[in-house]
Amino acid sequence: MNRMATKWLTFAPLFLPAVYLFFTPFPQAWLDIGLFVLLALFYWRGMLWPMHREMKIVIQLVIVSFFIFLHTPWHMCFGFYPAITMSLLASYRRISWMVGSMIGCFAAAVTLSAYLAAEPLRFEWLPVSIALIAVPYVAKMYQVSCEVHAKLSEAHAEIIKIGERERIARDLHDTLGQTLSMITVKSELAERLIEPSPDQAVLEARDVQRISRMALLQIRELVNDMQSIDIREELRRAEQILVTAGIEAETSMRMNAGRMMPIERNILGMCLRECITNVVKHSGAGKCSIQILEDKEQYVLLVCDNGIGITRGPLQARQYGAGLLGMKERLSLIQGTLKLDTDPENRTKVTIAIPHHRM
């Protein structure tokens, strides 16, 4: 929320008493209006500017004490404004000092008013005073809770970033590092074969060219993985891939992808890619359904095909294994889960769930 919006919202609690004073006949209310304008001014400045905040609170307390003295103890309700301002103080110790000052000011004003009016003290307004004492502490606890939640969210986002960096580093080491090592070995071999076997050296040089092209392709794939993914576009691409492979596709999406964090969209999109790759390469399916759903707690990706399943022999399990491991590693970064089921008819169902991480 920007500073201008905060300034306007600060005025919101002043609306009702301002309307009340506005409809009071001016000859009777000119002093009340003047005091209220001063109260509003110091409340507004105390809320927005920390400099000399305690002094501004004291001035508010004095003004409210005048209201109590001039009218009734029920005007103690104006004390909610300095009480709210107290919650912005740096420590509970300072809040306690201000609460003690508030109790002293208001008690003195009520006692003096009753003494001058020659009336006995009445305590119908006591619940209001108790509420005033509680307001600064409750508001402060709420602020601290919000700050802790924000810091936890930032820390969680940083952990996700670190995990994603580690995954990218592993991908670079496992794929690009191995490819570059092959290029080094092949180029050294070609250099040794130039004089004794030129034809073999040419073949090795061509292998170097082929491997370098493969390395370039791997770099492009890694970059594409790191770019932000549009879930709807990814779903359309998955449908096109299935149709091109001769697999009947059924897709549906019932979620608001705009509420997802970028890392969640990326990981969900990459998991969808891996699922579709497994269906096309290994399942032998004739039909595949994809559903992306959202409930109050999580986003869910369901991919179901009518292929040969994944439990038929160790070879099929190994074919799926690397892709499933990669998906589990990515999902672990955001507390996501992956569940794989095969029914008696060998229909495979992949369920991926990602909990909400809204900030």
| said: On a full-extension model of 0.36 nm per residue, what is the gain between residue 149 and residue 97, subtracting their alpha-carbon distance, rounded to one decimal in nm? | reply: 16.0 nm
| note | Quick calc: nm separation of the 7 Å Cα→Cβ label points for residue 48 and residue 213 -> 6.6
| task | Two decimals is fine: what is log10 I(q)/I(0) at q = 0.10, 0.21, 0.25 Å⁻¹ for the range 61-150, from a Debye sum with one equal scatterer on every Cα and no solvent? | result | -0.28, -0.94, -1.20
| So what is the relative contact order for the range 92-215, in percent, with contacts set as C-alpha pairs under 8 Å and at least six apart? | 17
| task | Calculate, for residue 243 and residue 349, the FRET efficiency according to 1/(1 + (r/R0)^6) with r their C-beta to C-beta distance and R0 25 Å; round to the nearest 0.05. | result | 0.75
| Theoretical gain in end-to-end length, residue 133 to residue 37 [0.36 nm per residue, Cα-Cα removed] | 32.2 nm
| query | Considering only protein heavy atoms and a 1.4 Å probe, what is the carbon-and-sulfur percentage of the accessible area of the range 31-74? | reply | 80
| message | Based on alpha-carbon centroids, what's the gap between the range 237-296 and the range 88-140 in Å, whole number please? | response | 62
| task | Rank these residues by their accessible area, most exposed first, probe 1.4 Å: 30, 125. | result | 30, 125
| task | Set the Förster radius R0 to 35 Å, insert the Cβ-Cβ distance between residue 233 and residue 142 as r into 1/(1 + (r/R0)^6), and round the FRET efficiency to 0.05. | result | 0.30
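The values are calculated or read from the model by the stated rules, or taken from the named source; none is laboratory data. Note that the structure is a prediction, hence the values are computed from the model and not measured. Every residue, glycine among them, receives a Cβ derived from its backbone with ideal geometry; neighbour counts consider all protein chains shown. Ligands, DNA and RNA are stripped out before the accessible areas are found, and what is left, the full protein with its side chains, is counted by its heavy atoms. Shrake-Rupley method; radii C 1.70, N 1.55, O 1.52, S 1.80 Å.
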